[in-house]
Amino acid sequence: MLDTILLLLLMIFVETGINATFLQNAHMVTGPLSALLASLLISLTNVTVSVCAGYFIGRWINYGTNAADADEPEFAIRRQIAQALFVLFLVVIAGFHLTVGLVRALASLDNIHHSVESYTALFTTPEAVFLVLTGACLSVLAYHKGLHSFNDPYPGYGERHRTVLTRRIELFEAYEELSEALTEQFDGAICEAVKCAKIRGRAVEKYHRVVGDCLKAHRRLQRSVGEAETVLRLQVAQLATHHRGVRGRKSTVTSHSLGQLVSFEGFLGTELPPFLHVPSSNEAKAPLAQAKAQALSRLSQLYDRILQTEHGDKQ
């Protein structure tokens, strides 16, 4: 915006300088100040009218031509009015530049006549032709600036474009905020799960040490009971053999009978505590990491779908 305004001011000053030089050389003004004032009014009128024509007329000439319903009255009527006003602008600006050329060709600010003799003098005066061409070129440039530099070529779409751009920026910022929030929540949950897994792992290891001590005590008890059973069976066998020998019986006590008679296995049948699975950090964070990836993927897909909808894809 600022560079456009500066360029327009530069155009005004350039045309003012050129016109002032030609007016002063033709002795049509009383002095340099009068020449600058008259030339400033001419250039300011030229640039201002051309810029306004570009902004208020040129932007409506092709209004709605790319729409699917380009022939609807809402678009067609505005294009027709703009085209009629554009023709009027061409007539007015052409008359303005020809009048400036006649002023220089006739060397008079008062006696301007639109006649064949006057236009013949215009086209045979190089300074007048140069003024007309210079003014016309600056008019075209000013018209172009008014058409393209202040807003979108189609009226109303510039504001819509800025609104859409603002919403896209807000959407992207919301997407980043949600992504960071999801990442932070899942990372916190993963850290908590890993921490809990480590605490449980230490508890399970402590439990396993107790179970190991219990198994060692159980094996020592089994050895002690086995040794006691062996000694007791031997004593029972000797006593039974002696008893039978006193009665005159020669049969001995069988091993099966001794096993049924002397057995403490029933007292050792207590079920021992089992070993547990030691949870690892990877097992604790793997489901959460997968859920995190799925959530971020769904968020990214939603963001892409919204962008496709903005570009006209209604999937």
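Restricting attention to the stretch 171-182, does a residue exist that is at pLDDT 80 or above, within 24 Å of Ile306 (Cα to Cα) and polar (S, T, N, Q)?
yes
Just name the residue that is nearest to Ile61 (Cα to Cα) out of those in the stretch 116-140 that are open to solvent by less than 70 Å² (accessible area, probe 1.4 Å) and either touching a residue at least 60 places away in the same chain (Cβ under 8 Å) or in contact with a strand residue (DSSP E or B) (Cβ under 8 Å, 6 or more places away or on another chain) (or both).
Looking at residues that are open to solvent by less than 70 Å² (accessible area, probe 1.4 Å) and either touching a residue at least 60 places away in the same chain (Cβ under 8 Å) or in contact with a strand residue (DSSP E or B) (Cβ under 8 Å, 6 or more places away or on another chain) (or both), I get Ser139.
Residue by residue through the stretch 197-236, note down the ones that are of a type outside the set (Lys, Arg) and open to solvent by 70 Å² or more (accessible area, probe 1.4 Å).
So the first thing to find is which residues in the stretch 197-236 are of a type outside the set (Lys, Arg), and the list is 197, 199, 201, 203-205, 207-208, 210-215, 217-218, 221-222, 224-232, 234-236.
Within the stretch 197-236, Ile199, Glu205, Tyr207, Val210, Asp213, Leu221, Gln222, Glu227, Thr230, Val231, Leu234, Gln235 meet the criteria.
State whether the residues of the stretch 33-40 include one that is under 20 Å from Leu141 (Cβ atoms), touching a Lys or Arg at 6+ places or on another chain (Cβ under 7 Å), at pLDDT below 80 and surrounded by 15 or more Cβ atoms within 10 Å (Cβ to Cβ).
Within the stretch 33-40, the subset under 20 Å from Leu141 (Cβ atoms) is 39-40.
Those still in the list that are touching a Lys or Arg at 6+ places or on another chain (Cβ under 7 Å) too: none.
Within the stretch 33-40, none of the residues are under 20 Å from Leu141 (Cβ atoms), touching a Lys or Arg at 6+ places or on another chain (Cβ under 7 Å), at pLDDT below 80 and surrounded by 15 or more Cβ atoms within 10 Å (Cβ to Cβ).
Inspect the stretch 91-105 for any residue being free of Cβ contacts under 8 Å to residues at least 24 places away in the same chain, buried (at least 17 other Cβ atoms within 10 Å of the Cβ) and not hydroxyl-bearing (Ser, Thr, Tyr) and give the result as yes or no.
Yes, the stretch 91-105 contains a residue that is free of Cβ contacts under 8 Å to residues at least 24 places away in the same chain, buried (at least 17 other Cβ atoms within 10 Å of the Cβ) and not hydroxyl-bearing (Ser, Thr, Tyr).
If you scan the stretch 60-90, which residues turn out to be surrounded by 17 or more Cβ atoms within 10 Å (Cβ to Cβ) and of a type in the set (Gly, Ala, Ser)?
Result: Gly64, Ala82.
Restricting to the stretch 277-312, and then to whatever is at pLDDT 70 or above, charged (D, E, K, R) and within 14 Å of the chain's Cα centre (by Cα), can you tell me which residue is nearest to Cys191 (Cα to Cα)?
This residue is Asp304.
The values are calculated or read from the model by the stated rules, or taken from the named source; none is laboratory data. Given the structure is predicted, the values throughout are model-derived calculations rather than measurements. For neighbour counting, all protein chains shown are included, and Cβ atoms are generated from backbone atoms with ideal geometry for every residue, glycine included. Areas reflect the complete protein model, heavy atoms only, side chains present, ligands, DNA and RNA absent. Shrake-Rupley method; radii C 1.70, N 1.55, O 1.52, S 1.80 Å.
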